[in-house]
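I have placed the structure first, in the form of structure tokens, so that the comments after it can refer back to it.
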Amino acid sequence: MPGGLRTKFADLFVTRNDRPTDAERAQATFRLGAATLFTVGMLSVFSSRGDTAFSTTQTILSFSSYILVSASILFWIVKRPGENLLRRAISMVSDYIAVGGIMTFGGAALLPAYAPLLWVTVGYGLRFGSRYLIASTCMALLSILVTAYLNPFWRENPYVTITLLLTTLLVPAYAYNLLERVYAAFNTAREANVAKSRFLAQASHDLRQPIHAISLFTACLKDTRLDREQRQMVENVDRSLQSVSRLFRSLLDISTLDSGKVTPVFEPVAVKDLFEDIVRQNSEAAQWAGVELRAVPTRAHVIIDATLMTTILQNVISNVLKYAPGHPVLIGCRRRQGQLAIEVYDRGNGIAAHHLPKVFDEFYQVRERGDRDVDGVGLGLPIVKRLTRLMGLSAYLRSVPGRGTAVIIEGLQVASQATTVKSKKEGPRPAIEGLRVLLVEDDEDVLQATATLLRRWGCVVEIQLTIPDQVAECDLIVTDFDLGAKATGVDCIARVRSLLKRKVPAIVMTGHDENRVKDDLGDPEIAILAKPIRPAELRSMMTAEKLKIDRLVRQAGASLH
């Protein structure tokens, strides 16, 4: 059999690990095997009773038809997965015709075929819900009545028929009651989980605003003339704010994942750029923790969602800085079986073996007696696990007490040589001094803090609390997403671009889920920053936008010449 055809044939019977188990597909696969066993059983009974060749031929033809129907249903499911009422009705009718036929023509020897009948009846309810349980129970009762009418043994033993009828009523009735209780409990748990996610998201959003403002004011304060003691106090405040910021990011990440709205967007990415971003973003935190954070140079490129991958690495590095301070940390990658694995190594104290099976559980923290307190709530690695699964990757951890720990993320698809990946490094980064910025923010404290910081960087800033009706020329729009009065950053950007009659570059600051904001914006060129924003992040983003502006100006000048 050719390799491609063999793979497609095998795919009919394999449930892959990268998608949830399809109950209907599993049922269809089992049905195909059961049909073959039933055929063999019927032939054995007829042979032992010395039945005619006609009965044997009739059995072979009947069950060959059932096998053909079962194979067709399986093929239908593979080609068009999902709920299909007609397909389920055909499956149910064929199942009861087959099992009923066995009981009808098999006599006393095949009375045990009632067990599969009851199993099929309850199975439909467990797989597809209470309505299917009622329908399958009715079909089972009809099968028993038909069998009792056509089969001499059943007619001669009416008490057997009555017993089976009662069993067919009582067992599904009990299963129905249990199903209703399970569904009620499930719905209650789901509602509680949704309420929890909403609370986490709203609490995170509401608390981000003041912390975002404090962070910006702290950055402004650091740029003033402070003596050594004052600077140390400001550094301590800034460090505490970074810890709180990481906590809120974790809470928002977990609530966003609970909502099921995260969809990976795969694209070619230079691994070197991922590593450089992570090292740059964590350089200050690594310095505070006394950690030498290094990345091994690489020319590898992968197909991945860069935002989600950065979140994964950020959570891993944050954990390392908390639990292995004062020890070197190395980020690198290596090829494994045609794919790429990203690995983060530290030389900390390691993790005891009894903790390893639980480190990816939500809210679990590795603690031993006498350990110092660390900030966080135990969501870093659970977020890593859920994001890697979302992208079809796997994450695991190896650790040797006293020697260190390694976190490995593997399964990354290597970009082909023909794929061109644009590196983020495009020459020296320009200064943002003189950049004309329109700043729109409905929170006055955040507005003043951000404006003060931008002016200290040399920007020319125009501030607005709402969407402006008139606006001076600007090079960049920096706006909050929620602007009050049912207005958003989307409306602000559209209004300003309409007033200036050109596509002004923009940065949106938000405390919401970035994917939701990205969908609302509908423009992949608009940069998004999650609050609380670190000043270094904002400056880096503005520098990148200034680089784009300069490039466009050069291109316009070249076209004129």
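The values are calculated or read from the model by the stated rules, or taken from the named source; none is laboratory data. From a predicted model like this one, the values you see are computed outputs, not experimental measurements. Methodologically, a virtual Cβ is constructed for each residue, glycine included, from the backbone with ideal geometry; neighbour enumeration extends over all protein chains shown. For accessibility, only protein heavy atoms count, side chains too; no ligands or nucleic acids. Shrake-Rupley method; radii C 1.70, N 1.55, O 1.52, S 1.80 Å.
Quick one: go through the range 436-468 and flag any residue whose amide nitrogen is under 16 Å from the point 7 Å out along the Cα-to-Cβ line of residue 486. Inside the label zone: 467. Ordering 356, 126, 435 by accessible surface, largest first, gives 126, 356, 435; the 1.4 Å probe counts only protein heavy atoms, with every chain in place. Using a cut-off of 26 Å between Cα atoms, the listed pairs 501/546; 222/503; 486/546 include 222/503; 486/546 as exceeding that distance.
In this structure residue 477 has an accessible area near 0 Å², from a 1.4 Å probe over the protein heavy atoms. Computed with every protein chain present, the accessible area of residue 142 is close to 100 Å² [probe 1.4 Å]. The accessible-area ordering, largest first, of the residues 363, 275 stands as 363, 275, per a 1.4 angstrom probe. You can think of it this way: the chain between residue 72 and residue 237 has 52.7 nm of extra reach, that is 0.36 nm per residue less the Cα-Cα gap. The length gained by stretching the chain between residue 163 and residue 299 to full extension, at 0.36 nm per residue less their Cα-Cα distance, is 41.6 nm. If you take the square roots of the eigenvalues of the alpha-carbon gyration tensor of the range 65-199 and sort them as a ≥ b ≥ c, do you get rounded (a/c under 1.5), prolate (a/b over b/c) or oblate? Oblate, since a/c reaches 1.5 and b/c is not below a/b.
Ordered by 1.4 Å accessible area with all protein chains kept, 457, 288, 76, 119 run largest first as 119, 76, 288, 457. Heavy-atom accessible surface of residue 518, to the nearest 10 Å², is about 90 Å², with a 1.4 Å probe and all protein chains retained. Based on Cα contacts under 8 Å between residues 6+ apart, the range 116-239 shows a relative contact order of 19 percent.
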